[in-house]
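Where a number appears in this text, it was derived from the coordinates with a stated rule and is not lab data. Quantities reported herein were computed from a predicted structural model and do not represent experimental measurements. So basically every Cβ, Gly included, is an ideal-geometry build from the backbone, and we count neighbours across all protein chains shown.
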Amino acid sequence: MGKALSYTYSIFHRLTRYHLNGRYKPDNNLAENAIRPLALGRKNYLFCGNHDAAENAAVIYSLLGCCKASDVNPREWLTDVLTRIPTYNNDYSLDLADLLPHNWKNS
């Protein structure tokens, strides 16, 4: 207990910053929660069965992460994109980048 109190007292000036400015948080839970899916994905890639399956899973995780970052409903996006891919496959004048979540949202 003495070691903990001694340590806390030695960094007390840094610990008290968060109550002087409301933007500072006394913990990093928001940051930890934001990166948790990435860490879980990395752990799950070990159990994909083979290298190609792990790459495919990483692509899906990345696209769903882009949906989350772009505030796009992943189900609506996937439904629309999967129905439009055959059209893009037959017409080379269309750009597949238009189907990415951030571009899809703007269209």
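Only Cα sites of the chain enter the Debye sum here, all with the same form factor; the resulting log10 I(q)/I(0) across q = 0.14, 0.17, 0.20 1/Å is -0.78, -0.94, -1.10, listed in q order.
Springs between Cα atoms under 10 Å define the GNM used for the chain, and in it the highest mean-square fluctuation of Ile35, Ile60, Ile11 occurs at Ile11.
Taking 26 Å as the straight-line reach from the Cα of Lys68, the lysines in range (excluding those fewer than 8 positions away in the same chain) are Lys25, Lys43, Lys105. Placing unit charges on the Cβ atoms only, positive for Lys and Arg and negative for Asp and Glu, gives the chain a dipole magnitude near 920 debye about its Cα centre.
Relative to the current alpha-carbon distance between Glu55 and Ser107, full extension at 0.36 nm per residue lengthens the span by 15.9 nm. Considering only Ser70, Ser62, Ser93, the mean-square fluctuation computed in a Gaussian network model of the chain, springs between alpha carbons under 10 angstrom, is largest for Ser93.
When the Gaussian network model of the chain links Cα atoms closer than 10 Å, the mean-square fluctuations of Leu38, Leu30, Leu63 top out at Leu30. Scalar couplings 3J(HN,Hα) for the range 48-55, obtained by applying the Karplus form with A = 6.51, B = -1.76, C = 1.60 to θ = phi - 60°, are 7, x, 8, 5, 5, 5, 5, 5 Hz; x denotes Gly and Pro. Residue-wise HN-Hα couplings along the range 5-17, as the Karplus relation 6.51 cos²θ - 1.76 cosθ + 1.60 with θ = phi - 60° gives them from phi, are 5, 4, 5, 4, 5, 5, 10, 4, 5, 6, 5, 8, 4 Hz; Gly and Pro carry x.
Out of the range 1-90, which chymotrypsin sites (Phe, Trp or Tyr not before Pro) are coil in DSSP terms and have no more than 11 other C-beta atoms within 10 Å? Intermediate values should be presented prior to the final figure.
Working: sites: Tyr7, Tyr9, Phe12, Tyr18, Tyr24, Tyr45, Phe47, Tyr61, Trp77, Tyr88; in loops: Tyr24, Phe47.
Listed in order of number, the matching sites are Tyr24, Phe47.
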